[in-house]
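Below is one structure, written out as structure tokens, with a few remarks after it.
The values are calculated or read from the model by the stated rules, or taken from the named source; none is laboratory data. This structure is a prediction, so every number in the text was calculated from the model and none was measured. Here the Cβ is made from the backbone with ideal geometry for all residues, glycine too, and neighbour counts use every protein chain on show.
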Amino acid sequence: MAWRYREKKGTLYYAGACRPNPGQASIGYVIKNHSGALLDVYGDLIDPYPLSSNAAHYRALINGLRRASDLGFTHIVACGHLELISDQLNGVCATRKPNMQRYRRKVRKIASSFEDFQAEYISAEDNSHARSLAQDCL
């Protein structure tokens with residue numbers, strides 16, 4: 001019997017937090033498979049200190065994408081509640097600050113390892129699990 005290639009689709013929910021802004025930062029992410037089963041959760045403080053809220057969100061996305069890749073996903077939808085990041089990744093608006101440009105390039109590089117990558121904006125309520133993971137670490 002010949003092997004059949006199977007796509008591995010999933011959703012990454014990510015969030016960053018910091019107190020104050022900029023300040024001590026933390027990240028959280030949740031990875032689910034195509035049927036919605038929870039595969040991984042993560043939340044922790046991150047360095048360097050201090051980081052802005054936007055940088056913390058980018059760091060959560062980067063770490064979550066790396067983990068999704070490690071789990072063997074070929075198709076990933078990255079959902080975050082910071083519309084600016086999804087707009088920057090989708091080319092809707094420019095990324096002006098040099099440090100944010102570096103984060104965007106890093107996301108693009110990791111995203112290129114997937115057959116399909118989509119960045120979507122979702123409401124904070126729909127991202128509550130990842131948000132609590134990040135906020136509970138502060």
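Within the stretch 5-45, restricting attention to residues that are more than 18 Å from the chain's Cα centre (by Cα) and among the charged types (D, E, K, R), the residue that is modelled with the lowest pLDDT is R6. Let me confirm something: among R66, R108, R96, R59, which residue is charged (D, E, K, R) and over 24 Å from K8 (Cα atoms)? After ruling out the rest, the residue left standing is R96.
Hey, can you tell me all the residues within the stretch 14-37 that are hydrophobic (A, V, I, L, M, F, W, C) and surrounded by 14 or more Cβ atoms within 10 Å (Cβ to Cβ)? Residues satisfying the conditions are A15, A17, C18, A25, I27, V30, I31.
Are any residues in the stretch 91-124 part of a strand (DSSP E or B) and of a type outside the set (A, V, I, L, M, F, W, C), and if so, which ones?
Of everything in the stretch 91-124, those that are part of a strand (DSSP E or B) and of a type outside the set (A, V, I, L, M, F, W, C) turn out to be D116, Q118, E120, Y121.
For the stretch 38-48, state whether one or more residues are part of a strand (DSSP E or B), of a type in the set (F, W, Y) and surrounded by 14 or more Cβ atoms within 10 Å (Cβ to Cβ). Yes, some residue in the stretch 38-48 is part of a strand (DSSP E or B), of a type in the set (F, W, Y) and surrounded by 14 or more Cβ atoms within 10 Å (Cβ to Cβ). Residues considered: A55, A78. Of these, the only one that is buried (at least 21 other Cβ atoms within 10 Å of the Cβ), touching a Gly at 6+ places or on another chain (Cβ under 8 Å) and closer than 18 Å to D126 by Cβ is A78. Condition test on A2, is it modelled with pLDDT under 95 and not charged (D, E, K, R)? Judged against the criteria, A2 is a match.
Sort out which residues of the stretch 68-88 are of a type outside the set (G, A, S), farther than 20 Å from R131 by Cα and not in a loop (DSSP other than H, G, I, E, B), and write them in order of number.
D70, H75, Q88
In the stretch 109-122, the qualifying residues are those that are out of contact with any strand residue (DSSP E or B) (no Cβ under 8 Å at 6 or more places or on another chain) and closer than 19 Å to I27 by Cβ, and the one that is surrounded by the fewest Cβ atoms within 10 Å (Cβ to Cβ) is K109.
For the stretch 26-54, how many residues meet the condition of being free of Cβ contacts under 8 Å to residues at least 60 places away in the same chain and at negative phi? Steps first, please.
Of the stretch 26-54, the ones free of Cβ contacts under 8 Å to residues at least 60 places away in the same chain are 31-40, 46-54.
Going one step further and asking which of them are at negative phi, we end up with 31-35, 37-40, 46-54.
Counting residues in the stretch 26-54 that are free of Cβ contacts under 8 Å to residues at least 60 places away in the same chain and at negative phi gives 18.
A search for C-beta distances below 6 Å between a residue of the stretch 125-137 that is closer than 18 Å to G23 by Cα and any residue that is modelled with pLDDT of 95 or more and surrounded by fewer than 16 Cβ atoms within 10 Å (Cβ to Cβ), counting only pairs 6+ apart in sequence or on different chains, returns C137/D44; C137/L45.
Mind listing just one residue for me: the one in the stretch 81-102 that is under 24 Å from E115 (Cβ atoms) and in contact (Cβ under 8 Å) with a residue 24 or more places away in the chain and, of those, surrounded by the fewest Cβ atoms within 10 Å (Cβ to Cβ)?
N90
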